[in-house]
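Asker: Could you have a look at this structure, given as C-alpha cells, before my questions?
What follows is calculated from the coordinates using simple rules that are stated; it is not laboratory data. Bear in mind the structure is a predicted one, so any value in this text is a computation, not a measurement. Glycine gets a Cβ as well: all are built from the backbone with ideal geometry, and neighbour counts include every protein chain shown.
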Number of protein chains: 4
Amino acid sequence: MPSADNPRRSERSRAAILQATQELIREQPYGKISIEGIAARAKVGKQTIYRWWRSKGALVVDALHEQNAAGAQEAMALPDTGDLAADMRLVLRATVDEFTSPDFEPLFRALSIESLQDPALQQQIVERIYRPQFEFVAARFRSAQDAGQVRPDADLAVAFELFMAPMFYRWQSGAHTLTHDHADAVVDLAMRALAP
Amino acid sequence: MPSADNPRRSERSRAAILQATQELIREQPYGKISIEGIAARAKVGKQTIYRWWRSKGALVVDALHEQNAAGAQEAMALPDTGDLAADMRLVLRATVDEFTSPDFEPLFRALSIESLQDPALQQQIVERIYRPQFEFVAARFRSAQDAGQVRPDADLAVAFELFMAPMFYRWQSGAHTLTHDHADAVVDLAMRALAP
Amino acid sequence: MPSADNPRRSERSRAAILQATQELIREQPYGKISIEGIAARAKVGKQTIYRWWRSKGALVVDALHEQNAAGAQEAMALPDTGDLAADMRLVLRATVDEFTSPDFEPLFRALSIESLQDPALQQQIVERIYRPQFEFVAARFRSAQDAGQVRPDADLAVAFELFMAPMFYRWQSGAHTLTHDHADAVVDLAMRALAP
Amino acid sequence: MPSADNPRRSERSRAAILQATQELIREQPYGKISIEGIAARAKVGKQTIYRWWRSKGALVVDALHEQNAAGAQEAMALPDTGDLAADMRLVLRATVDEFTSPDFEPLFRALSIESLQDPALQQQIVERIYRPQFEFVAARFRSAQDAGQVRPDADLAVAFELFMAPMFYRWQSGAHTLTHDHADAVVDLAMRALAP
DNA sequence: CGCTAATCGAGACGGTACGTCCCGTCTTCAG
DNA sequence: CTGAAGACGGGACGTACCGTCTCGATTAGCG
C-alpha cells in the first residue's frame with residue numbers, strides 16, 4: 001500500500017500518521033486517543049489528517065491494514081493439507097495469537113469500538129476485513145465438502161461463524177482466557193457439528 | 001432494585017437519571033451522548049451523577065439492569081421441557097429479538113463500546129450479566145446431560161458459547177441479518193456438536 | 001461580644017466559625033475562601049453559617065470585630081497630650097502597624113474586597129468602623145481647634161481624610177511601602193495644611 | 001493599541017472581548033460577572049479568552065485601557081497655566097468626574113477588587129496606571145517648584161498622594177459624596193501644605 | 001527552469017463537554 | 001428547635017479536543 005492516488009500527497013506524512021496511530025493505540029486506552037495527539041506525535045498538522053481520513057475510525061482501519069501489510073498475514077495463509085480439522089486448528093490458533101498479541105489486540109479493540117459507533121465503518125470492515133477472511137475459509141470448506149469431510153448442505157457462512165465466533169466472543173466478553181487448547185476444543189466441536 | 005444502600009440518596013434522581021440514560025441511548029448515536037445531556041434530561045445536577053456512578057459505562061450497566069428489571073427477563077426464563085434443542089431454540093430466538101429490538105439493541109451497543117474501553121467495567125459485566133446468564137443455561141445443560149442428550153464430558157462454558165457466540169458475532173459484525181431461522185440453524189449445529 | 005440575641009444559639013459554633021474565618025483569611029488569598037471551607041474548618045454545618053450571617057461579607061465584618069475585641073484596639077485609644085501633631089503621629093503609626101500586620105492586613109483586605117462588591121455592606125462598614133474612628137479623631141481635632149493648633153473653620157471630615165487617606169491609598173495601591181517615617185511625613189504636611 | 005504582538009491573533013475577537021467585558025461590568029455587580037458570560041456576549045470561545053489573558057483581572061486592566069484609548073484621557077492632559085492650584089483643580093475635578101461616571105466607575109471598582117486579590121496584578125496596575133499618572137503630575141510639580149509655588153524639598157510622591165488619596169478614599173469608603181467642591185477643598189488644603 | 005497551485009506545519013478560532021468546586025437550599029438524624 | 005452532615009439542582013471554573021479556518025513555507029508538475 002504505497003502513498004495513495006494523489007501524487008501530491010506526502011508519503012512521509014501518511015506513514016508518520018499511521019505509525020503514530022498504531023503506537024498511541026498500543027500505549028493507552030483508546031478513549032484517551034485524540035486526533036490532536038496523533039498529529040502531535042506524527043509532527044503533522046491536524047488538517048493533514050482531516051484531509052485524507054473521514055474519521056478516527058477510518059484512520060484505525062488504515063493503521064491496521066498498514067500493520068498487516070508489514071506483518072506476515074498468517075491468519076489468512078490457509079493451507080489445504082487435506083485435513084480440515086488440522087487446517088482450522090492452525091487458523092484458530094493464529095486467531096488466538098492475534099487476540100493475545102500486544103501489537104494487534106489494541107488495534108482490534110479500537111476497530112471494534114469504532115465499528116460499533118459507525119454503521120458505515122462497520123460495513124466497510126465487513127467488506128475489507130470480514131469478507132476476505134470468510135472467502136478464504138469458505139474455499140477451504142468447499143474443498144472439504146468435496147472430500148466428504150463436511151456435510152454438502154452446510155451453510156458456509158454459519159459454518160465459518162461456528163469456528164470464529166467463539167474465539168471472538170471469548171475475547172470480547174473477557175470471561176475466559178484465550179488459549180490454543182481452547183481453539184482446539186472449538187475446532188473439535190465445530191467439526192463434529194459439520195460432519196456428514 | 002430500589003434506591004441503594006445510602007438512605008440519603010434521592011430515589012427520584014436515581015430513577016430519572018437511568019430513565020434519561022435509556023432514552024438518550026435509544027434516540028441518538030452513543031458517541032453523541034454526554035453526561036451533561038443526561039443530567040439536563042433528568043433535571044439533575046451533574047454532580048449527582050458523578051456522586052453515584054464512576055463512569056458513563058457504569059451508568060449504562062445500571063440503565064440496562066433497570067430496563068431488565070422493568071421487563072420480563074424472558075431471556076433468562078429458561079424452561080425445561082425435556083427437549084434441550086427446543087428449549088435452546090427459545091433462548092436463542094429471544095436473544096435474536098433482543099439484538100433486534102429498538103429498546104434493547106442500543107443499550108447492548110453502548111455496553112459493548114464501554115466494556116471494550118474499560119477492563120474493570122468488562123469484568124463487572126462478566127459478573128453481573130454474562131455469568132448469571134451462563135449459570136441458567138449451564139443448569140439446563142446439566143439436566144440434558146443427565147437425560148443423555150449431551151455428552152457427559154462436554155465443557156459447559158464452551159458449549160454455552162457454541163450457542164451464544166454466533167448470535168453475538170452476527171450482531172456485532174453486521175455481516176448478516178439476525179433471524180429466528182438463523183437461531184434455529186445455530187441450535188441444530190450446536191446440538192449436533194454436543195450429542196453423545 | 002457574647003453569643004448573640006438568641007439564647008438557643010450555640011456559642012461554641014459562633015466562636016469556631018469566626019475563628020476559622022480569621023485563620024483561613026490569613027492563610028490564603030481571599031478569593032479561594034469558601035463558606036464550605038469555613039464550615040469544614042469550624043466543624044460546623046453549612047446551614048449554621050447561613051442561619052446567622054447574611055453573606056460572606058457580614059461574616060468578615062464580625063470576624064474583624066472579634067479580632068479587635070481580642071486585641072487592644074490601640075488605633076482608637078487616642079490620647080490628648082496637647083500636641084496634636086504628636087498625637088496624630090501615634091494614630092498614623094498605629095495605622096501603619098495594622099496595615100503591615102499579618103494578623104490584621106488580610107482581614108482589612110477581605111473587608112475592602114467585600115465592601116467594593118456590596119453597597120449595603122459598605123454602608124454598614126461606614127457606620128460600624130469608619131464613623132467611630134472618625135468621631136474619636138474629630139473630638140481631638142476640636143480640642144486642637146480650641147487650643148489654636150487648627151484653623152477654626154476647617155472641615156473636620158476633610159481634615160480627617162487628609163491624615164488617613166494617604167495611608168490607605170499607599171496600602172491599597174501597593175506603589176510604596178508603609179513606614180513610620182512616611183506616617184510622620186504625612187502628619188507634617190497635614191498639620192501644615194490645617195495650621196491657622 | 002492595535003491587536004497585539006502575535007500576527008495570528010484575531011483583532012475582531014480581541015475587541016469583542018474587551019467590549020463585552022466593559023459592557024457587562026457596567027450592567028451588573030462585578031461578582032456576577034463570569035468569563036463564560038463574557039465569552040458568550042463576545043460570541044467567542046472561552047479558550048480564546050484564556051489564551052490571551054491570565055485572569056479576569058488582566059482582562060479588566062485591558063478593558064479599562066481600551067476605554068481610555070477610546071476617550072480623551074482628560075485626566076492626564078495636565079495643562080501648565082503657571083497656576084498650580086488651578087491646574088490641580090482641573091485634575092481633581094476630572095478625577096471626581098471619573099469616580100462618578102457610570103462608564104468609568106464600575107471599571108475602577110472591578111479593578112480595585114481584582115488588585116486586592118492578586119499582588120501580581122496590583123504591581124501591574126502600579127506600573128501601567130498609577131505610575132504614568134504620577135509622572136505627569138510630578139512633572140507639573142517640578143515646574144511649580146521652579147516657580148517657587150512648592151517647597152523645593154517636598155517629596156513628590158507624598159505630595160501626589162496628598163491630592164489624590166482623599167478622592168480615592170472618599171470614593172472607596174462611600175462615607176461622603178464626591179463633588180467638585182470637595183475637590184477644590186482638597187486642593188486648597190494640599191496647596192497650603194506644600195507652600196514654601 | 002521558473003510559476004503557481006496544492007499540500008504542508010502550525011496553531012488560532014467558535015464550540016461542546018469534561019470532571020470539579022462551590023453556591024444556597026433542603027433533608028435526615030442526634031441531642 | 002438547633003446543629004452536624006451532606007445530598008440536591010444549579011452555575012461557573014479552567015482544560016481538552018473537536019473540526020474549520022487562516023497563515024507563510026515548501027514542493028511538485030506544467031507550461
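Asker: Beyond 15 Å, what share of the Cα-Cα pairs of the range D:111-196 remains, rounded to the nearest whole percent?
Answerer: Taking all Cα-Cα pairs of the range D:111-196, the fraction more than 15 Å apart is 66 percent.
Asker: Next question. Give the distance, in whole Å, between the Cα centre of the range C:146-191 and the Cα centre of the range D:147-196.
Answerer: What the calculation gives is 10 Å, centre to centre.
Asker: If you don't mind, another one. Across the range C:77-119, what fraction of all alpha-carbon pairs, as a whole percent, falls in each successive 5 Å bin from zero upward?
Answerer: Per 5 Å bin, starting at 0, the Cα pair percentages come out as 5, 21, 17, 16, 15, 14, 8, 3, 0.
Asker: For a quick check, take a GNM of chain A with Cα springs below 10 Å and name the residue from A:ALA39, A:ALA70, A:ALA165 with the largest mean-square fluctuation.
Answerer: The residue that fluctuates most here is A:ALA70.
Asker: What residue of chain C has the nearest C-beta to the axis that moves C onto A, and what is that distance in Å, given as a whole number?
Answerer: Measuring from each Cβ to the axis, the minimum is at C:LYS32, 15.
Asker: Give the shape of the range D:149-196 as rounded, prolate or oblate, defined through the alpha-carbon gyration tensor: a ≥ b ≥ c are the square roots of its eigenvalues, a/c under 1.5 means rounded, and otherwise the shape is prolate if a/b is larger than b/c and oblate if not.
Answerer: oblate
Asker: Average projected area of the Cα convex hull of the range A:74-147, in nm²?
Answerer: Mean projected area for the range A:74-147: 5.3 nm², to one decimal.
Asker: Each label point is 7 Å from the Cα along the Cα-to-Cβ direction; what then is the distance between the points at D:ASP155 and D:GLU27, in nm?
Answerer: 4.6 nm
Asker: Report the far tail of the P(r) of the range D:13-116, meaning the percent of Cα-Cα pairs longer than 15 Å.
Answerer: Summing the P(r) tail past 15 Å for the range D:13-116 gives 64 percent.
Asker: Evaluate the Debye formula for the protein assembly as shown with equal point scatterers sitting on the alpha carbons, no solvent, and hand back log10 of I(q)/I(0) at q = 0.10, 0.11 Å⁻¹, in q order, two decimals.
Answerer: Here log10 of I(q) over I(0) equals -1.04, -1.18.
Asker: I would also like to ask the following. How far, in nm, would the chain grow between B:ALA15 and B:ARG54 when pulled straight, counting 0.36 nm per residue and subtracting the alpha carbon separation? Display every interim value, and only then the final one.
Answerer: Values: separation 39, 0.36 × 39 = 14.04 nm, distance 1.69 nm.
Difference between extended and current length: 12.4 nm.
Asker: Over what distance in Å are the Cα centres of the range D:78-98 and the range B:80-120 separated?
Answerer: Spelled out, the Cα-based centre of one part sits 85 Å from the other.
Asker: Placing a label point 7 Å from Cα toward Cβ, how far apart in nm is B:ARG8 from its equivalents in the other copies, listed shortest first to one decimal?
Answerer: Copy-to-copy label distances at B:ARG8, shortest first: 2.3, 4.7, 6.3 nm.
Asker: Which FRET efficiency, nearest 0.05, do A:SER34 and B:PHE136 yield, Cβ-Cβ r, R0 35 Å?
Answerer: 0.25
Asker: What is the pair-distance distribution P(r) of chain D, computed from all Cα-Cα distances in 5 Å bins starting at 0, with each bin given as a whole percent?
Answerer: Each 5 Å bin holds this share of Cα pairs: 1, 7, 14, 18, 17, 14, 11, 8, 5, 3, 1, 0.
Asker: Note down the relative contact order for chain D as a percent, whole number, built from C-alpha pairs under 8 angstrom at least six residues apart.
Answerer: 21 percent
Asker: Which lysines have a Cα lying under 29 Å from the Cα of B:LYS46, excluding residues fewer than 8 positions away in the same chain?
Answerer: Straight-distance partners of B:LYS46: A:LYS32, A:LYS56, B:LYS32, B:LYS56, C:LYS32, C:LYS43, C:LYS46, C:LYS56, D:LYS32, D:LYS43, D:LYS46, D:LYS56.
Asker: Counting other Cβ atoms within 10 Å of each Cβ, which trypsin sites (Lys or Arg not before Pro) in the range B:33-109 have at most 14 and sit in a DSSP loop?
Answerer: For trypsin sites (Lys or Arg not before Pro) across the range B:33-109 that sit outside H, G, I, E and B with at most 14 neighbouring Cβ atoms in 10 Å, the list reads B:LYS43, B:ARG54.
Asker: Between copies, how far does the label point of C:PRO152 sit from its twins, in nm, shortest first, when each point is 7 Å from Cα along Cα→Cβ?
Answerer: 3.8, 12.9, 13.8
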